[in-house]
Amino acid sequence: MSFVRSLGLAAAGAALALGAGFAAAPAAAQQKTLKVVMHSDLKILDPIWTTAYIVRNHGYLVYDTLFAMDEKLELKPQMVERYSVSPDNLTYTFTLRDGLEWHDGTPVTSEDCIASIKRWGARDSMGQKLMTFTKEMKAVDAKTFQLVLNEPYGLVIMSLGKPSSNVPFMMPKRVADGNPMEQLSDTTGSGPFVFKKDEWKPGEKQVWVKNPKYKPRSEPASGMAGGKVAHLDRVEWLWIADHQSAINALLAGEIDMMETPPHDLLKVIEKDKNVKLVNTNPLGNQYTFRFNWTHPPFDKAAIRRAALVAFNQKDFLDAVIGDPKYYRVCKAMFVCDTPNETMAGMDGIYDSRFEDSKRMLKEAGYDGTPVLLMHSTDLHVLTNLAPVAKSLLERGGFNVNMVSMDWQTLVARRTKKELPAQGGWNAFLTSWVAADILNPVMAGFFNSGCDKAMFGWPCDERMEKLRDDYSRETDAAKQKALVAQVQARAMEIGTHANLGQWYQPIAMRTNIEGMLTAPVPVFWNIVKK
């Protein structure tokens, strides 16, 4: 059966249109154009305003960072040529490398970097913590600037090299100086690709072209670090919502890569000799249930804890991933097989003890207030999470109202503090890449700084003190003890739930080489043969 016939009539029309688009392009150009179906459509362009991974991925094409994490999870200078730390550990001096230019041709300056750090520091959990230790940032000259601390802080470089959402991307001062609470529309960066805003068609296609003026570092690429050499002239993200249609396009060679092929269709891909599966993120991901502390019923810790008691990880992982080859039951909030793995505070948690959950709700005075649970419907790696959560919560004594929407709508709604009946929410589910959650300061959902915390807005002085203590501590054993305390406190107050680890291979044609092992799909170093 031909590719078009296998799609069915409606999908065939889309496939023919897609194919026609390919036929119109010169053969030489196609060799340097990578066509990709990502996990989501791109509707927001500001990677500081949202933590959505599709926007982060766009950010890595367009922007660059001061530091970057390599394949071994070590932080390396990126835009920075060299840096030094004063003997009292209070002053960090950074000098930018030569040849850094914005896409409009103007040079990258110290003032640009200072403004970018400030904007990121107003939004990101790890950035906010860094800002509380920062006395001032000042330019020494056009290429050198200083970050001066109030007291020693051991996570400065880790913060500036944070690999995932929100990434401290550098932007021109004229852009970064805007209100950090408002979305940016200007996509001027200094990275290896330039966003073609004139070709941006939400729901259809996004395009980036090679930045001919970008000067990569001399070191080989490793993870997010090293030389960002763009071998591609053009990167196109094509939004094909139907997974089967996307896979058929991949098998037919009409697209080159699919970021998140559904796990139940991986066996179909494995049978084709022209397509390969590559796991570029061996630490994997973690599913998460997020409570909104600002409205009933999750404004009470006892009720949040009852939900933790009602959950179990295997039901979620079986419903979404299915194949145990691609998931792992793991209660450790900071990821199994990492230095901060611990089971502190996990006794009785995630064991679906429904009668205990009902008892806890009764003792907490739960009056049946419905939980407005946001349900993402268009990302296959999230779609089945909310129905499982609804079932487990209801068996544990909760009243649940599940409201379905696409992921981009959910991303916008989760920022709202209105009552659920007025456009707000009580809970939603998402996933974090492991590199985002390796310690208590990096992992954003542990931020319990009230209005300064991420959506959900936990408010707990004890948690914030523990996170501060961790950021000051330099002894590894004492840091690990603090990690255990943070995790135990998170379970006591119910910041969020960890619903297990899972792994996602990327599907690509066999003529695509150079995909880097990294927690983020990046498009430099890739060669299309």
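The values are calculated or read from the model by the stated rules, or taken from the named source; none is laboratory data. Because the structure is a prediction, the values reported are computed rather than measured. Neighbour counts run over all protein chains shown; Cβ positions are idealised from the backbone, glycine included.
Return yes when GLY368 is in contact (Cβ under 8 Å) with a residue 12 or more places away in the chain and in contact with a helix residue (DSSP H, G or I) (Cβ under 7 Å, 6 or more places away or on another chain) and no when it is not. No: the conditions fail for GLY368.
Mind checking which residues of the range 54-72 are under 16 Å from the mean Cα position of the chain (by Cα) and at pLDDT below 95? If the condition is that a residue be under 16 Å from the mean Cα position of the chain (by Cα) and at pLDDT below 95, then no residue fits. Looking at (1) farther than 17 Å from HIS496 by Cβ; (2) in contact with a helix residue (DSSP H, G or I) (Cβ under 9 Å, 6 or more places away or on another chain), which is the only condition VAL335 fails? Just one mismatch for VAL335, condition (1). What about MET374, is it in contact with a Lys or Arg (Cβ under 7 Å, 6 or more places away or on another chain) and over 17 Å from ALA310 (Cβ atoms)? Yes; evaluated as a whole, the condition is true for this residue.
Quick grid of which residues meet (1) aliphatic (A, V, I, L, M); (2) buried (at least 18 other Cβ atoms within 10 Å of the Cβ); (3) over 26 Å from SER165 (Cβ atoms); (4) more than 19 Å from the chain's Cα centre (by Cα):
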residue	(1), (2), (3), (4)
GLY253	no, no, yes, yes
ASP256	no, yes, no, yes
PRO261	no, yes, no, no
VAL275	yes, yes, yes, yes
ASN285	no, yes, no, no
THR288	no, yes, no, no
PRO296	no, no, yes, yes
ALA301	yes, no, yes, yes
LEU308	yes, yes, no, yes
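When the range 406-455 is limited to residues that are among the acidic types (Asp, Glu) and either surrounded by fewer than 24 Cβ atoms within 10 Å (Cβ to Cβ) or more than 21 Å from ILE48 (Cβ to Cβ) (or both), the one that is farthest from the chain's Cα centre (by Cα) turns out to be GLU418.
The rows are residues; the columns are (1) under 23 Å from GLU182 (Cβ atoms); (2) touching a helix residue (DSSP H, G or I) at 6+ places or on another chain (Cβ under 7 Å).
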| site | (1), (2) |
| --- | --- |
| LEU61 | yes, no |
| PRO77 | no, no |
| PHE94 | no, no |
| ILE117 | yes, no |
| TRP120 | yes, yes |
| LEU149 | no, yes |
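Taking the criterion of being at pLDDT 95 or above, in a loop (DSSP other than H, G, I, E, B) and either under 27 Å from VAL55 (Cα atoms) or under 17 Å from the mean Cα position of the chain (by Cα) (or both), the only residue of the range 378-405 that qualifies is ASN384. Looking only at the range 39-74, which residues are outside any loop (DSSP other than H, G, I, E, B) and either surrounded by fewer than 19 Cβ atoms within 10 Å (Cβ to Cβ) or of a type in the set (Gly, Ala, Ser) (or both)? Of everything in the range 39-74, those that are outside any loop (DSSP other than H, G, I, E, B) and either surrounded by fewer than 19 Cβ atoms within 10 Å (Cβ to Cβ) or of a type in the set (Gly, Ala, Ser) (or both) turn out to be GLY59, ALA68.
Only residues that are surrounded by 12 or more Cβ atoms within 10 Å (Cβ to Cβ), more than 20 Å from the chain's Cα centre (by Cα) and in a loop (DSSP other than H, G, I, E, B) were counted across the range 178-201, and they come to 7.
Here the range 108-158 is the region considered, the condition is being within 20 Å of MET463 (Cα to Cα) and among the basic types (Lys, Arg), and the residue that is farthest from the chain's Cα centre (by Cα) is LYS129.
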